[in-house]
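Taking it in order: structure first as structure tokens, then the write-up.
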Amino acid sequence: MQRLQAFKYELRPDGQQQRQMRRFAGSCRFVYNQALALQKARYEQGEKKLGYAGLCKELTAWRNGSETLWLKDAPVHPLQQTLKDLERAYSNFFAKRADFPRFKKKGQSDSFRYPDPNQIKLDQANSRLFLPKLGWLRFRQSREVLGAVRNVTVSLSGGKWFVSIQTEREVEQLSPQSATAVGIDMGIARFATLSDGTFLEPLNSFKRHETALRKAQQFMSRKVKFSNNWKKAKARVQRLHSRIGNTRRDYLHKATTTISQNHAMVCIEDLQVRNMSKSAAGTTEQSGRNVRAKSGLNKAILDQGWFEFRRQLDYKLAWNGGYLIAVPPQNTSRTCPACGHVSKDSRPTQARFGCVGCGFEENADLVGAINVLRAGHARFACEVSGAVMPPAAGTRRGESAYLG
Ligand SMILES: [Zn+2]
């Protein structure tokens, strides 16, 4: 099977390269915002949205325009890629996967991508990489890059520059080392409960750093904007943000690696994470009600990275020859695993399950995990027998996988 994988390293640019990269990221942001403004204006005038080719023509005009001549200093391919990103943002919006595309601000995901492998040179022996208009860049090579280079993304995070090298290679399709199946219930008190009785502690990486982050933000707000002290305070806020992200990523990678190595089939509830987080805002008719509790829950969901957990499980299982099966969440928390009785009264508290039919008692998250496993087995049986099943959402294979 073809494996797409990204290898990410910290760059060690010299001063000139840092200035250039900041300029290129700025040019890409400018092009993205120009294109978004153009699309919005066309929409307001009742005109059709421009396609990628149409946007590229506009880009050529901007690069030749007398007011934006500086765009010519940036490499052209990354500028075009930013137009592709805008296209993707629109299609995610139309497919209801994301909000309407927003204008980019400086300091928010500053990055640019080189799509053409013929213009990229990787010299692993000397830990350096050649990129158009930047020349040879040194990077901290913590591990070997495997496979043929497909594209390269340069990004700025917490004041440091990183490079993500995406590669493609042929790997042998493994058969799973284990034949067991497991169901997983995702929760707040426990990040994940497995049907074999084990569970993962909540991550709470954000909560732990929350106080430090809030203090740093307050400290920054008291400084005179754009002063030297303000810049220092801002750098601290950015460092805390990237530390939170790193802690979360490490935790999720360890958990998903262990689970995907120990089981051939993993069943998980098909929760719409995005819908759950969206409901916190409330509608005008029901504003106020439960909004506070919900926003707490939603924040926790996002904090825990459920979506990322599932994405990683999916590709790691595929690498190990296993499967991820998403099952509809109906009644998984109110069905008795002993007698099959379904009642919401069997769930007296968030943590306990006590069947009103037969008296069976167990931890509610474990009951959920057992029911998810059963539903997964049923779904798998249907797929094997050839019955027509709608594909489970979010389990696309071959999606690129990112390793830190
Ligand atoms: Zn029962």
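Every number in this text was worked out from the coordinates using simple rules, so none of it is lab data. Since the model is a prediction, treat every value here as computed from it, not as a measurement. We place every Cβ from the backbone using ideal geometry, glycine too, and count neighbours over all the protein chains shown.
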For the chain, take the longest principal axis of its alpha carbons; what is the angle in degrees between that and the long axis of helix 228-262, to the nearest 10 within 0 to 90?
40
Find the all-direction average of the projected area of the Cα convex hull for region 1-141, expressing the result in square nanometres with one decimal place.
11.1
DSSP beta bridges in the chain, what fraction antiparallel, as a percent rounded to 5?
75
Helix 364-385 sits off the longest principal axis of the Cα atoms of the chain, rounded to the nearest 10 on a 0 to 90 degree scale, by 80
Provide the descending list of Cα extents for region 304-350 along its principal axes, expressed in whole angstroms.
41, 24, 14
Enter the angle in degrees (range 0 to 90, nearest 10) between the Cα long axis of helix 306-319 and the first principal axis of the Cα atoms of the chain, meaning the one along which they spread out most.
90
How high is the relative contact order of region 1-91? Use alpha-carbon pairs under 8 Å, at least six apart in sequence, and give a whole percent.
35
Diagonalise the Cα gyration tensor of the chain and give the resulting equivalent ellipsoid semi-axes, square root of 5 times each eigenvalue, largest first, whole Å.
42, 26, 23
Arrange the peptides 92-100, 80-88 so that the one whose residues have, on average, the most other Cβ atoms within 10 Å appears first.
80-88, 92-100
What lysines does LYS133 reach when the alpha-carbon gap must be under 20 Å and sequence neighbours fewer than 8 apart in one chain are set aside?
LYS72, LYS121, LYS160
Hey, which of these cross-link pairs are over 28 Å Cα-Cα: LYS57/LYS234; LYS40/LYS316; LYS105/LYS316; LYS96/LYS225; LYS8/LYS316; LYS57/LYS105?
LYS57/LYS234; LYS40/LYS316; LYS105/LYS316; LYS96/LYS225
Amide H neighbours of GLY183 under 5 Å, counting only residues 5+ apart in sequence or on other chains, H built in-plane at 1.01 Å?
SER195, ASP196, CYS267, LEU373
What does region 98-212 give for Rg and for Dmax, in Å, if only its C-alpha atoms count?
20.5, 55
